[in-house]
1. Of all the residues that make up segment 1-15, how many are modelled with pLDDT of 95 or more, assigned to a loop (DSSP other than H, G, I, E, B) and surrounded by fewer than 24 Cβ atoms within 10 Å (Cβ to Cβ)?
2. Mind telling me which of the residues 65, 8 ends up being touching a strand residue (DSSP E or B) at 6+ places or on another chain (Cβ under 7 Å) and under 20 Å from residue 190 (Cβ atoms)?
3. What's the total number of residues in segment 99-127 that are out of contact with any helix residue (DSSP H, G or I) (no Cβ under 8 Å at 6 or more places or on another chain) and more than 22 Å from residue 82 (Cα to Cα)?
4. When you look at residue 75, is it surrounded by fewer than 21 Cβ atoms within 10 Å (Cβ to Cβ) and in contact with a strand residue (DSSP E or B) (Cβ under 9 Å, 6 or more places away or on another chain), yes or no?
5. Can you name every residue in segment 50-85 that is touching a helix residue (DSSP H, G or I) at 6+ places or on another chain (Cβ under 7 Å) and away from the ligand (no atom under 14 Å from the Cβ)?
6. Applying the selection to segment 137-151, what residues are touching a residue at least 12 places away in the same chain (Cβ under 8 Å) and within 14 Å of the ligand (Cβ to nearest atom)?
7. Just the residues that are within 14 Å of the ligand (Cβ to nearest atom) and either outside any strand (DSSP E or B) or surrounded by fewer than 17 Cβ atoms within 10 Å (Cβ to Cβ) (or both), please, taken from segment 97-128.
8. Look at residue 180 and say whether it is under 30 Å from residue 218 (Cα atoms) and without any contact (Cβ under 8 Å) to a residue 60 or more places away in the chain.
Ligand code: DGL
């Protein structure tokens, strides 16, 4: 059975796991959430690189066939150096800016991401490659947002709503045609970001692209349809570096909301 490692600082990467399950329902997944060090977005790129390398080594010892960095921040800080020595395909996630520019050829694209992703050289390189990106893409760092989502505390939804009103709504000007979620944690609140400005703003993320790239790298024929249906069960081992029992419970609940029952090994 194919074994796939999926990595994030916490529960954000579960949204990427969902996309991977659509294409590889029979694979065995190892999900590693580095909750001991989250949130990554306000740490240094050197630290995030080091923690991502620790996770990569853990996956290799566990015998995976591929590693998915289901974290834009870790991809920004670590995918290039890890690929230099990696023995298995390493798939990173990047903000879906290219798709947004193509699908919405006029107006502004608002990118929401962590401070590290917004300041990183990887985003700079991506913007430099895409015509018009510099004029049309506005990047907004959202420090503290992933943290609020990660907490899943009794009032996390209220806290996130307040944050969005205060920090994101002012950036949703009338010329914004699409939102790009450049942090996997934000995928859990995509309904709120699209409705924030009192008009429906399409919201894009990179999860489907990551799942498709994973299939390509593993030579698995791609389903013709994008976004195939989710399976009812999934084989997943969870490894969280802190608060393990509580995080596993949250992970199971988040996936159960999509009708997925987890077979723990
Ligand atoms: N989920 C991560 C990302 O996609 C990072 C969130 C954080 O730990 O700051 O960027």
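The values are calculated or read from the model by the stated rules, or taken from the named source; none is laboratory data. None of the values given here were measured: they were computed from a predicted structure. Cβ: placed from backbone, ideal geometry, glycine included. Neighbour counts: every protein chain shown.
1. Result for segment 1-15: 1.
2. It is 8.
3. Residues meeting the conditions: 6.
4. no
5. Answer for segment 50-85, where residues must be touching a helix residue (DSSP H, G or I) at 6+ places or on another chain (Cβ under 7 Å) and away from the ligand (no atom under 14 Å from the Cβ): 53, 56, 66, 67, 81, 82.
6. Across segment 137-151, the qualifying residues are 139, 140, 141, 142, 143, 144, 145, 146, 147, 148, 149, 150.
7. Residues satisfying the conditions are 114, 115, 116, 117, 118, 119, 120, 122, 123.
8. For residue 180, the condition - under 30 Å from residue 218 (Cα atoms) and without any contact (Cβ under 8 Å) to a residue 60 or more places away in the chain - is not met.
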